[in-house]
Amino acid sequence: MTSTIGDRHRFIEEYRQIRYAEGRGSDNPDYYLALPYADLSGANSGAWAMRARTYRYFEQRILPPLEMQAGRPLNILDLGAGNGWMSYRLSLRGHRSWALDIFNDTRDGLLAAKNYPQPFPLIEAEFDDLPFPASSFDLAIYNSSLHYSVDYSSTLKEAKRCLRRDGRIVILDSPIYRRHEHGRQMVEERHANFLSCYGFRSDAIPSIEFLDEPALHNLASELKIDWTIHRPWYGWKWHLRPWRARIHKRRPPSRFWILIGRFTDL
């Protein structure tokens with residue numbers, strides 16, 4: 001996402017306030033080493049349980065074929081890396097991962113990576129202006145982060161520039177709706193909740209905040225992306241959410257698919 005300096009500063013400060021209020025981060029280094037499989041703080045255990053299921057699926061069913069195909073350690077760009085837990089996990093598998101984010105906080109951002117015993121590169125930059133040469137990476141992973149983009153086309157074009165010929169984009173833990181209007185309803189609900197809780201809407205940077213099926217179709221057509229969709233199992237409670245929403249006459253909930261994108265014209 002690109003932004004003015006003022007908007008970016010306001011976004012980061014509001015984001016920091018929300019994340020701290022949610023109990024993100026810890027004074028205990030073991031908290032970071034346990035992610036995503038356990039939330040030792042107990043503040044966001046449900047969310048981390050979902051992140052763990054997503055990462056397990058990715059690590060066990062998506063990553064191994066890519067590793068076998070390459071026959072060498074992968075160069076991976078961890079986009080929206082937060083505290084760097086995924087880059088740490090990938091480095092334990094022998095890969096070279098660059099953790100990129102605009103949030104360099106010592107508790108919940110890039111500088112929290114000091115808690116990991118194995119170092120990896122930390123890059124403070126925006127999605128639409130990646131400081132890398134063309135054809136540098138095998139994978140560009142949006143780690144619960146693509147929805148922070150303000151323009152998916154520009155963001156993915158920049159990722160495409162940085163990928164090698166057989167590279168892939170991977171989208172994890174971004175909310176996906178069948179229809180655009182349902183996503184817009186979610187965004188309005190979320191901003192109204194922030195306004196009520198914190199006194200601001202947290203929209204200094206107008207992030208899109210969700211994906212929808214028509215948008216994925218349009219991106220596939222415009223950017224020549226061949227999407228592969230994976231649907232991890234998050235349990236019966238999650239599976240039955242659409243039925244509960246229908247019974248209570250609420251908007252349909254989001255899905256959390258894993259999307260693998262291959263640019264067919266690379």
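Please treat every number below as a calculation from the coordinates, not as lab data. Computed from a predicted model, the values in this text were never measured in an experiment. So basically every Cβ, Gly included, is an ideal-geometry build from the backbone, and we count neighbours across all protein chains shown.
Matching residues to (1) touching a Ser or Thr at 6+ places or on another chain (Cβ under 8 Å); (2) of a type in the set (A, V, I, L, M); (3) exposed (fewer than 15 other Cβ atoms within 10 Å of the Cβ); (4) over 30 Å from Pro252 (Cα atoms):
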residue: Ala81; (1), (2), (3), (4): yes, yes, no, no
residue: Phe103; (1), (2), (3), (4): no, no, no, yes
residue: Thr106; (1), (2), (3), (4): no, no, yes, yes
residue: Ala112; (1), (2), (3), (4): yes, yes, no, yes
residue: Phe127; (1), (2), (3), (4): yes, no, no, no
residue: Val150; (1), (2), (3), (4): yes, yes, no, no
residue: Ser153; (1), (2), (3), (4): no, no, yes, no
residue: Arg179; (1), (2), (3), (4): no, no, yes, no
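Considering only segment 191-209, how many residues are touching a Phe, Trp or Tyr at 6+ places or on another chain (Cβ under 7 Å), more than 19 Å from Gly261 (Cβ to Cβ) and outside any helix (DSSP H, G or I)?
Step one: of segment 191-209, the residues touching a Phe, Trp or Tyr at 6+ places or on another chain (Cβ under 7 Å) are 194, 200-202, 204-205, 207-208.
In the following step, the residues that additionally are more than 19 Å from Gly261 (Cβ to Cβ) were identified as 194, 200-202, 204-205, 207.
Checking the rest, the ones that are also outside any helix (DSSP H, G or I) come to 200-202, 204-205, 207.
The qualifying residues number 6.
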For a quick check of your reading of the model, give me the residue pairs whose first member lies in segment 242-266 and is within 26 Å of Gln185 (Cβ to Cβ), whose second is among the hydrophobic types (A, V, I, L, M, F, W, C) and part of a loop (DSSP other than H, G, I, E, B), with beta-carbon atoms closer than 9 Å and at least 6 apart or on different chains.
Ser254/Phe210
Of residues in segment 239-266 being hydrophobic (A, V, I, L, M, F, W, C) and out of contact with any helix residue (DSSP H, G or I) (no Cβ under 8 Å at 6 or more places or on another chain), the one surrounded by the most Cβ atoms within 10 Å (Cβ to Cβ):
Trp257
Going through segment 20-42 in order, the residues found to be surrounded by 15 or more Cβ atoms within 10 Å (Cβ to Cβ), of a type in the set (A, V, I, L, M) and within 19 Å of Phe103 (Cα to Cα) are Leu35
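Are there helices (runs of 4 or more DSSP H) fully within segment 7-84 with at least 1 residues that are within 19 Å of Val170 (Cα to Cα) and aliphatic (A, V, I, L, M)? List them. Don't jump to the end; show me each part of the working.
Numbers: elements: 29-34, 45-57, 63-70.
Counting at least 1 such residues, we get 45-57, 63-70.
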I'd like the full set of residues that are under 25 Å from Ile205 (Cα atoms), touching a helix residue (DSSP H, G or I) at 6+ places or on another chain (Cβ under 8 Å) and part of a loop (DSSP other than H, G, I, E, B), limited to segment 127-147.
Phe127, Asp128, Asp129, Leu130, Phe132, Ser144
When every residue in segment 58-77 that is of a type in the set (S, T, N, Q) and within 25 Å of Phe132 (Cα to Cα) is compared, the one surrounded by the fewest Cβ atoms within 10 Å (Cβ to Cβ) is Gln69
Leading residue by the ranking (surrounded by the most Cβ atoms within 10 Å (Cβ to Cβ)) among those in segment 210-225 that are touching an Asp or Glu at 6+ places or on another chain (Cβ under 9 Å) and in a helix (DSSP H, G or I):
Leu223
Return the only residue of Arg72, Arg56 being under 30 Å from Leu163 (Cβ atoms), among the charged types (D, E, K, R) and in contact with a Pro (Cβ under 9 Å, 6 or more places away or on another chain).
Arg56
For segment 76-86, state whether one or more residues are of a type in the set (A, V, I, L, M, F, W, C), free of Cβ contacts under 8 Å to residues at least 60 places away in the same chain and over 24 Å from Asn218 (Cα atoms).
yes
Long-range neighbours under 9 Å by Cβ, at least six apart or interchain, first residue closer than 17 Å to Tyr15 by Cα within segment 184-196, second assigned to a helix (DSSP H, G or I) and among the hydrophobic types (A, V, I, L, M, F, W, C):
Phe194/Ile18
With the checklist (1) more than 25 Å from Gly46 (Cβ to Cβ); (2) in contact (Cβ under 8 Å) with a residue 24 or more places away in the chain in hand, flag the one item Ser221 doesn't pass.
(2)
